[in-house]
Amino acid sequence: MNKYRILLYYKFINIENSEEFSKEHLKLCKDIRLKGRILIADEGINGTVSGTIEQTEKYMNALKRDDRFIDMIFKIDESNEHAFKKMYVRHKDSIITLLPEDDVNPNKKVGKYLKPNEFYQMLQRDDVIIVDGRNDYEYDIGHFRGAIRSNVNNFKEFPKWIDDNLSEYKNKKVLTYCTGGIRCEKLTGVLLDHGFDDVYHLEGGIVTYGKDPEIRGKLWDGKCYVFDERISVRINNTDEDIVISKCNHCGEKSDRYINCINDDCHKQHICCEKCEKAQEGFCSSNCRQYVLEHPEKDARLRFKEKAKMYKRYNQYHEKAKEAISKLDKNYSA
Ligand SMILES: [Zn+2]
Ligand SMILES: [Zn+2]
């Protein structure tokens, strides 16, 4: 098993002709047959890709042959399959987006980096506040013990949220963390810009912290949300690993996110296996009612049509199997 790998990486570095570079990069990835999502901008590169061990080796070597990326740090997860369906390389104005008036350059202004062990020690001090640098829905299925939940749905909202909520803590040390470390590269700069003097961030992010052989994810509660098909991964590798979130329907402990079956809602919500069956995948009775009135908005129809088509043409490739199993598993109604 574990024939596949998932790579997570980023680097803030000036990329000349970044649009042209994006096109070449997409070709490189497609030639290697990777899958994943990569953002490229003048300010750098940010990617998550999956592939076989051989493919991911090839990619890492190709990237490191480029002087700009020679010191790229890849976080590597083992996997039994791809974590994406397709390969995207998107050219953007920035790889981590803030409003123009809030933007910071991590190569010029950034917080102090902490290794997992140092971060673990700092978590336990009294003169710190711990700020989760991610979105609210990521926080909800897992976070560091004692961390402040930001009510942001988009990274752009952080500067205002900081002004509205953290002003009273300016005399404290601020610890920030995010999934792989990239968001903190800018978040710490924003904090410095907003009058905080002693700002730290977790080097390599939560995923690196979980893999540290000594710390093994201690003081992390719940799961870590990830932006690929796995949806969440385990971080606390001690016997303190717990579930902290609750099913939106029954309140039982659960850390499964699903999307509402109403195509006009599609709300990602926490739902236990039992309730997914019982509620047929709807997030609310409103959505159930809505689909009764608008039957064409029932995502199960799409699954059904897809599954039927695959069966009709005797297609049993990965995508077909997925559509058929999705239909059989939860939505046999
Ligand atoms: Zn439930
Ligand atoms: Zn819904």
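The values are calculated or read from the model by the stated rules, or taken from the named source; none is laboratory data. The structure presented is a predicted model; accordingly, all values stated were derived computationally and were not measured. Cβ: placed from backbone, ideal geometry, glycine included. Neighbour counts: every protein chain shown.
At a glance:
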| item | result |
| --- | --- |
| Strands (runs of 3 or more DSSP E) enclosed by region 180-288 - at least 3 residues per element that are more than 21 Å from the chain's Cα centre (by Cα) and away from ligand 2 (no atom under 16 Å from the Cβ) | none |
| Filter pass, Gly189 being of a type in the set (Gly, Ala, Ser), in contact with a Pro (Cβ under 8 Å, 6 or more places away or on another chain) and modelled with pLDDT of 95 or more | yes |
| When residues of region 208-226 are limited to those that are in contact with a strand residue (DSSP E or B) (Cβ under 8 Å, 6 or more places away or on another chain) and of a type in the set (A, V, I, L, M, F, W, C), the one surrounded by the most Cβ atoms within 10 Å (Cβ to Cβ) | Trp220 |
| Any hit, region 2-11, residues being modelled with pLDDT under 95 and closer than 28 Å to Ser232 by Cβ | yes |
| Within region 227-247, tally of residues that are buried (at least 20 other Cβ atoms within 10 Å of the Cβ) and over 19 Å from Tyr139 (Cβ atoms) | 0 |
| Checklist (1) surrounded by 17 or more Cβ atoms within 10 Å (Cβ to Cβ); (2) without any contact (Cβ under 8 Å) to a residue 40 or more places away in the chain applied to Lys253, failing item | (1) |
| Scan of region 175-195 for residues that are under 18 Å from Leu123 (Cα atoms) and out of contact with any helix residue (DSSP H, G or I) (no Cβ under 8 Å at 6 or more places or on another chain), ordered by number | Thr188 |
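Here is a yes/no grid of residues against (1) touching a Cys at 6+ places or on another chain (Cβ under 7 Å); (2) under 22 Å from Ile270 (Cβ atoms):
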| position | (1), (2) |
| --- | --- |
| Asn153 | no, yes |
| Phe158 | no, no |
| Gly217 | no, yes |
| Gly222 | no, yes |
| Asp239 | no, no |
| Asn248 | yes, yes |
| Glu252 | yes, yes |
